[in-house]
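Asks: Just dropping this structure here.
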Number of protein chains: 2
Amino acid sequence: MVDHATDIGRASAARSRILDTATNLFYAEGVHAVGIDRIIAEAGVAKATFYKYFPAKDELVRAYIQNQSRQGRAMIDKISARSARDSILAIFDLVADAAAQPGYRGCPFLNAAAEYPDQSHPVRQAIDEHRQWKRDLLRGLLVADGSSDSETTADILTVASDGLLIASHLDRPANLRRLILETVLQILGPLADK
Amino acid sequence: MVDHATDIGRASAARSRILDTATNLFYAEGVHAVGIDRIIAEAGVAKATFYKYFPAKDELVRAYIQNQSRQGRAMIDKISARSARDSILAIFDLVADAAAQPGYRGCPFLNAAAEYPDQSHPVRQAIDEHRQWKRDLLRGLLVADGSSDSETTADILTVASDGLLIASHLDRPANLRRLILETVLQILGPLADK
DNA sequence: TGTCTAGTAGACAAACCTGTCTGCTCTTAA
DNA sequence: TTAAGAGCAGACAGGTTTGTCTACTAGACA
């Protein structure tokens, strides 16, 4: 099998530019609020090129969600903690890190889900996939932490995570890091077994 | 001051029809996804009448939010509990009641906020007002319940409320009522003082 | 009878949306 | 040298958006 020069970057430069531009615009202003024309203009790409890689706008939105999911996983993969409990705390701390960023506008998955009422829509399915992955991750860590009911506690941690993402965006509490710590410790137990 | 016949209903029938129709459509399909033409058609109202009562679409959206807020307060006002703690539990139980309704699509305030990136937008301000009202309500109940740190606990209850609203919509857990109870009791303390 | 108000019906403008299609240039590989 | 693929530029179609404006109807009241 011979190498094709165009395969060197795996994804074409034009496609990457489209996806990067769409990621920034969709996150900052919402999916319905950003049109194709604006994306191709800011990405410096021809319309025909856009429709070659993304046959419909919804497919770009789906790629946007998967892109956000990939980036979110990468952030979590970088964490190196000494214990399962420390890993959970570090994951929740990412919310505070994100909220401290300049253009922070809440959770991209929650924001996008609000714009897609139909539960069976491919975009919603991509969001569900990410949420399922995150819940499974938390449940695994709870098992390693010796949780007596990892299923229920994973659900409660998911509730806490979503609620903190909402709070960090809509309410912007003064001491977000402290609120995160208090919330998580109340769920895991302050000085629980190991 | 003489009574005007047109004041009998306080708000005109046409205006009410517009707001009711918009409330249903905005909640079910999202704000950006529903156009003026559709609202006036389903409300059976002339375009001029619409623009007489709502000079711009955003003013209708603001009225929609305030309408939802009014309805939400009415639900909570109906609660008659024996203690502050029971009141809090009853308020959280409203989430399960709402989620059991046929056309449930999550929290109207969270969904609308996701469509308005600008924090200073009148629609966002109306959402903030409702959130502030609800937080103050919870904090008052916590004080009555003898909470030692009602400020922090009100923040955590808000986190739980938002998280449960998200979960009830996106994840639809099998036993939502049990998840709500476990989450709230973990925050208030299972068999705490009083 | 005459006037005022609320409302209906619908044309219209100007912008914007998604998606298709034609024609051109440039690079790379055979 | 030539052929193919990648990309650029932009016109175009058909629909939808918000918002304005004109012309008409029906009821209340003085």
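The values are calculated or read from the model by the stated rules, or taken from the named source; none is laboratory data. Bear in mind the structure is a predicted one, so any value in this text is a computation, not a measurement. Reconstructed Cβ throughout: ideal geometry from the backbone, glycine too, with neighbour counts over all protein chains shown. The area values use the complete protein model at the heavy-atom level, side chains included, leaving out ligands, DNA and RNA. Shrake-Rupley method; radii C 1.70, N 1.55, O 1.52, S 1.80 Å.
Asks: Using only protein heavy atoms and a 1.4 angstrom probe, determine the accessible area buried between A and B, summed over both sides, in Å² to the nearest 100.
Replies: Approximately 2900 Å², summed over both chains.
Asks: Would you calculate a helix-derived [θ] at 222 nm for chain B, using -39,500 (n - 2.57) for each DSSP H run of n ≥ 4 and dividing by the full residue count, to the nearest 500?
Replies: -22000 deg cm²/dmol
Asks: Also, quick follow-up: Bin all alpha-carbon pair distances of segment A:8-55 at 5 Å intervals from 0 and give each bin's fraction as a whole percent.
Replies: Distribution as computed: 5, 23, 33, 23, 12, 3, 1 percent.
Asks: Using packing as a proxy for protection, rank B:143-152, A:90-99 so that the peptide with the highest average count of other Cβ atoms within 10 Å comes first. Let's see the in-between values first.
Replies: Details: B:143-152: 15.1, A:90-99: 17.3.
Answer by packing, highest mean first, reads A:90-99, B:143-152.
Asks: What distance in nm separates the simple spin-label points at A:Lys78 and B:Ala81, each placed 7 Å from Cα in the Cβ direction?
Replies: Computed distance between label sites A:Lys78 and B:Ala81 equals 4.2 nm.
Asks: Figure the gain on full extension for A:Glu42 and A:Ala174 (residue separation times 0.36 nm, minus the Cα-Cα span) and round it to one decimal in nm.
Replies: 44.0 nm
Asks: Counting only protein heavy atoms and a 1.4 Å probe, tell me what percentage of chain A's accessible area is made up of carbon and sulfur.
Replies: That fraction is 53 percent.
Asks: Using a 10 Å cut-off on Cβ atoms, rank the peptides B:41-52, B:115-126 from the highest mean neighbour count down.
Replies: B:115-126, B:41-52
Asks: Still on this structure, I have one more. For the pair A:Tyr104 and B:Asp136, how long in nm is the line joining their label points, each one 7 Å along Cα→Cβ?
Replies: Each label point is offset 7 Å from its Cα along the Cβ direction, giving 2.6 nm.
Asks: Right, something else. Return the whole-Å distance between the Cα centroid of segment A:84-117 and the Cα centroid of segment A:59-73.
Replies: Between the Cα centre of segment A:84-117 and that of segment A:59-73, the gap is 14 Å.
Asks: Taking the Cα atoms of segment A:57-188, report the difference between the largest and smallest coordinate on each principal axis, in whole Å and largest first.
Replies: 44, 32, 26
Asks: Quick check on segment A:88-137: what are the equivalent-ellipsoid semi-axes from the Cα gyration tensor, as sqrt(5λ), descending, whole Å?
Replies: After scaling each eigenvalue by five and taking roots: 23, 16, 6 Å.
Asks: Do you know the relative contact order of chain B, to the nearest whole percent, from alpha carbon pairs under 8 angstrom that are 6+ apart?
Replies: In percent, rounded to a whole number, it is 20.
Asks: Still on this structure: Report the convex hull volume per residue for segment B:1-133, counting only C-alpha atoms, in Å³.
Replies: Numbers: hull volume 21.4 nm³, N = 133.
Value for segment B:1-133: 161 Å³ per residue.
Asks: What is the diffusion coefficient of the protein assembly as shown in µm²/s, taking the Kirkwood radius over Cα pairs and the Stokes-Einstein relation at 10 °C with a viscosity of 1.306 mPa s?
Replies: On the way: Rh = 23.0 Å.
This corresponds to a translational diffusion coefficient of 69 µm²/s.
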